[in-house]
Amino acid sequence: MLNSDYAIYRIPMAQVNSNLYFVRWENEGIIIDTGMPGNARKICDFMKRCDLIKVNGIILTHYHIDHAGSAASLRRITRAPVLAHEEDEPYITGERAPEHIDLMPNDMKKAYSKYRATVVDKRLRDGDKIFGFTVIHVPGHTPGSIALYDGKALFSGDSLNIINGKVQGDPGYGADREGTLSSMEKLIELNCEILLPGHGCPIENTASSSE
Ligand SMILES: [Zn+2]
Ligand SMILES: [Zn+2]
C-alpha cells in the first residue's frame, strides 16, 4: 500500500456536483465520500468497469448529505468499514440532526428526507494514519470535517472547494465561520502538490514543485 503506487479517480456526483474519489492500488482501494442518496449503484457499476474489486474503507470528509448520502448503501454492498471524524459521527448515525439546513441549496435540503443513517466503524481523530494518509481535523464547515494528506495529494472535503478554477472556502452553510477560515488557512499552508476538493475539478499546484 505504498503511496506512490496509487491512482486517483474522481466521479462528480449528480445534483450538487460533490466529488467522490477512489484511491486505488492494484485491484483494491478506498472510497472518499459517497455523494447524495441513491448513488450506490452508479458507484458500483464504475468499480466493476475498472476492476476495482475490493474496497478497504469508505472515508467521509464530513457528514453533509452530498458526501455521506450513499454511505449506508455502499457499506452494505461493499462490506467496507465507514470511517469518519468522531465529532461528525452523531450526525452520520442520525443521533443528531444536521445543522444549518436552511442555508443549504434546495437539492440538499430535499435529499435529507432520503438520508439513511449508517454506523461509523472507525472514529477518526487529528493525526491518525489511514491507508497511507494523515487525517487533518479541519473543524468549521462541520465540527468533524477532515482532510486527508500524504505530503503530495490533499483531499480537502468542503473546507476548500474549487469554483471556476479558483480555490475557495466553505460554500456558505458552514457551522462555524471562524473555524472555517482558520481551517482553510491550515490547508493552504500545506502547499500541496495536488488539491482534490469536495466540489470542483482538482488542481495541480505548479508552484509547489521545487526547481
Ligand atoms: Zn459540506
Ligand atoms: Zn459538499
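Some points to look at:
- Count of region 87-118 residues, restricted to those that are on the phi > 0 side of the Ramachandran plot and either at pLDDT below 95 or touching an Asp or Glu at 6+ places or on another chain (Cβ under 6 Å) (or both), is 1.
- Taken as a whole, the structure leaves His67 outside the set of residues that are part of a loop (DSSP other than H, G, I, E, B), within 14 Å of ligand 2 (Cβ to nearest atom) and either at positive phi or of a type outside the set (Asp, Glu) (or both).
This table checks each residue for (1) within 15 Å of Leu196 (Cβ to Cβ); (2) in contact (Cβ under 8 Å) with a residue 60 or more places away in the chain; (3) assigned to a strand (DSSP E or B).
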position	(1), (2), (3)
Tyr9	yes, no, yes
Asn19	yes, yes, yes
Val23	yes, yes, yes
Gly29	yes, no, yes
Met36	no, yes, no
Phe46	no, no, no
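- Region 6-42: number of residues that are among the hydrophobic types (A, V, I, L, M, F, W, C), in contact with a Leu (Cβ under 8 Å, 6 or more places away or on another chain) and closer than 20 Å to Phe133 by Cβ: 6
- Filter result for Ile59 (more than 16 Å from ligand 2 (Cβ to nearest atom) and in contact with an Asp or Glu (Cβ under 8 Å, 6 or more places away or on another chain)): no
- Residue identified as buried (at least 17 other Cβ atoms within 10 Å of the Cβ) and part of a strand (DSSP E or B) among Leu148, Leu187: Leu148
- Residues in region 151-184 that are farther than 14 Å from Asp88 by Cβ, in a strand (DSSP E or B), within 16 Å of ligand 2 (Cβ to nearest atom) and of a type outside the set (A, V, I, L, M): Phe155, Ser156, Asn161, Gln168.
- Restricting region 15-38 to residues that are more than 16 Å from ligand 1 (Cβ to nearest atom) and surrounded by fewer than 23 Cβ atoms within 10 Å (Cβ to Cβ), the residue that is nearest to His137 (Cα to Cα) is Phe22.
- Matching entry among Glu204, Glu193 (being exposed (fewer than 14 other Cβ atoms within 10 Å of the Cβ) and either more than 19 Å from His67 (Cα to Cα) or at pLDDT 95 or above (or both)): Glu204
- Note on region 84-102: residues that are under 25 Å from Ile30 (Cβ atoms), without any contact (Cβ under 8 Å) to a residue 60 or more places away in the chain and outside any loop (DSSP other than H, G, I, E, B) amount to 4.
- Entry remark, region 121-132: residues being under 12 Å from Ile59 (Cα atoms) and either without any contact (Cβ under 8 Å) to a residue 40 or more places away in the chain or surrounded by fewer than 22 Cβ atoms within 10 Å (Cβ to Cβ) (or both) number 5 in total.
- Screening region 195-209 for residues that are in a strand (DSSP E or B) and within 15 Å of the chain's Cα centre (by Cα) and picking the one that is nearest to ligand 2 (Cβ to nearest atom) gives His199.
The values are calculated or read from the model by the stated rules, or taken from the named source; none is laboratory data. What you are looking at is a predicted structure, and each value in this text was computed from that prediction instead of being measured. Cβ coordinates were reconstructed from backbone atoms using ideal geometry, including for glycine residues, and neighbour counts include every protein chain displayed.
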